[in-house]
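K.L.:
Let me give you the structure first, and then I'll get to my questions.
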Amino acid sequence: MTFPEFDPVLIHLGPLPIRWYALAYVAGIVLGWVYAARILKSERVWAPGQPPLKGPQLDDLILWITLGIILGGRFGYALFYKPVMFAQLFTGANIGERLELFQLWTGGMSFHGGMLGCTAAVLIYAWKTRANALSIGDMALASAPIGLFFGRLANFVNGELWGRTTDVPWAIRFCNARIEQVYGFCPAGNEPRHPSQLYEAGLEGIVLFVVLGLAIWKWKLLAKPGYVTGLFLVGYGASRALLENVRQPDAGMEHFPLGLTMGMMLSTPMILIGAWLIWRAWSRPPAAAA
């Protein structure tokens, strides 16, 4: 199957291109905001405890989280996948190279970096408001699969982060006239590959959203702060580590020991921390009775 002739730019508003990738971030944040507000207003799912924030406080938190996602995602990408960006701040041959770290429109965001930035934002906000950081994290991360879903769809539209070569019937050749025009060649080659972006959209997005939804609305686990956060960390970490087996490793990172990839190594601490948070929450009484 040949990759469709997707255009990463939805529309041009004068000199300003509106890209699907940017819209994916906007959709993820806005819909996540709406879902988090619904969780916050449903006091029954927090019983016997109380929601960690009042309604207007959520608006402030979203701003903090948005900054954490963007700054953490970009700096995390540079740290984990392209550390030369930091050196270029001082050694770049021109202003474009020196400021590449801040050129978000050129692409390059790390989920794990965004996760660290989001964590820092939640911790700082919880400290400022004297709210329970774990309960805020439970609410925020229950919404995160929405953004992951749209982000992976945008990766597919962009024809990036493709999978390993395969002969499965639904394999895709990530090469078309637009890609050849932009790059002068097809970075993915002409071999059929796993559409790993769609696998991730399904597993990290839809499946994880459903599991966390059951944890909140059916199993009432918000009463035990940190439980939903732990489920997210274990669920995402395990999903990402599993799908790294069909996702093409980043250039220059194909030969880590034991067949590991950067995604696997970054996901392992998430799984361990998530498992500890689940054990911690499970072994303690509900928040109001603690």
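The values are calculated or read from the model by the stated rules, or taken from the named source; none is laboratory data. These numbers were taken from a predicted model, which means no experiment stands behind them. FYI the Cβ positions are ideal-geometry reconstructions off the backbone, even for glycines, and counts take in every protein chain you see. Just the protein is used for accessible areas: all its heavy atoms, side chains included, with ligands, DNA and RNA removed. Shrake-Rupley method; radii C 1.70, N 1.55, O 1.52, S 1.80 Å.
K.L.:
Between ASN245, LEU221, TRP162, whose Cα lies farthest towards the positive end of the dipole of region 133-290 when Lys and Arg beta carbons carry +1 and Asp and Glu beta carbons carry -1, centred on the Cα centre?
P.N.:
Positive-end residue among those listed: LEU221.
K.L.:
Using only alpha carbon positions, build the gyration tensor of the chain, then give the equivalent ellipsoid semi-axes as the square roots of 5 times its eigenvalues, largest first, whole angstrom. It would help to have the intermediate numbers written out before the result.
P.N.:
Numbers: eigenvalues 241, 93, 71 Å².
After scaling each eigenvalue by five and taking roots: 35, 22, 19 Å.
K.L.:
What number comes out for accessible area per residue over region 204-249 if the probe is 1.4 Å? Units Å², please. Display every interim value, and only then the final one.
P.N.:
Details: 1580 Å² over 46 residues.
So region 204-249 comes to 34 Å² accessible per residue, rounded to a whole number.
K.L.:
Comparing GLY28, GLY108, GLY96, which has the greatest mean-square fluctuation in the GNM of the chain with Cα pairs linked when under 10 Å apart?
P.N.:
GLY96
K.L.:
Also: Are there cysteines in the chain with no other Cys C-beta under 4.7 Å, and if so, which?
P.N.:
CYS118
K.L.:
What residues have an amide H closer than 5 Å to that of ARG247, excluding those fewer than 5 places away on the same chain, when H is modeled at 1.01 Å from N in the peptide plane?
P.N.:
ARG164
K.L.:
With the alpha-carbon atoms as the only input, what is the per residue convex hull volume for region 54-140 in Å³?
P.N.:
On the way: hull volume 8.9 nm³, N = 87.
About 102 Å³ per residue, rounded to a whole number.
K.L.:
Select from region 107-199 those chymotrypsin sites (Phe, Trp or Tyr not before Pro) which occupy a DSSP coil region and have at most 12 other Cβ atoms within 10 Å, ordered by residue number.
P.N.:
TRP170, PHE185
K.L.:
Could you work out [θ]222 nm for the chain from helices alone, using -39500 (n - 2.57) per DSSP H run of at least four and dividing by all its residues? Round to the nearest 500 deg cm²/dmol.
P.N.:
Values: 11 runs with 161 residues, N = 290.
The helix-only estimate for the chain comes to -18000 deg cm²/dmol at 222 nm.
K.L.:
Work out from phi, with θ = phi - 60° and the Karplus expression 6.51 cos²θ - 1.76 cosθ + 1.60, the ³J(HN,Hα) of each residue of region 56-63, listed in order in whole Hz, and give x for Gly and Pro.
P.N.:
x, 5, 4, 4, 5, 4, 4, 5
K.L.:
So, one more: Over region 62-199, with every protein chain in place, what whole percent of the accessible area is carbon and sulfur at 1.4 Å, could you tell me?
P.N.:
Numbers: 4550 of 6790 Å².
C and S fraction of accessible area: 67 percent.
K.L.:
Please give me, ordered by residue number, the trypsin sites (Lys or Arg not before Pro) of region 5-72 that lie in loop per DSSP and have at most 15 other Cβ atoms within 10 Å. Working shown, then result.
P.N.:
Details: sites: ARG19, ARG38, LYS41, ARG44, LYS54; in loops: LYS54.
Those satisfying the criteria are LYS54.
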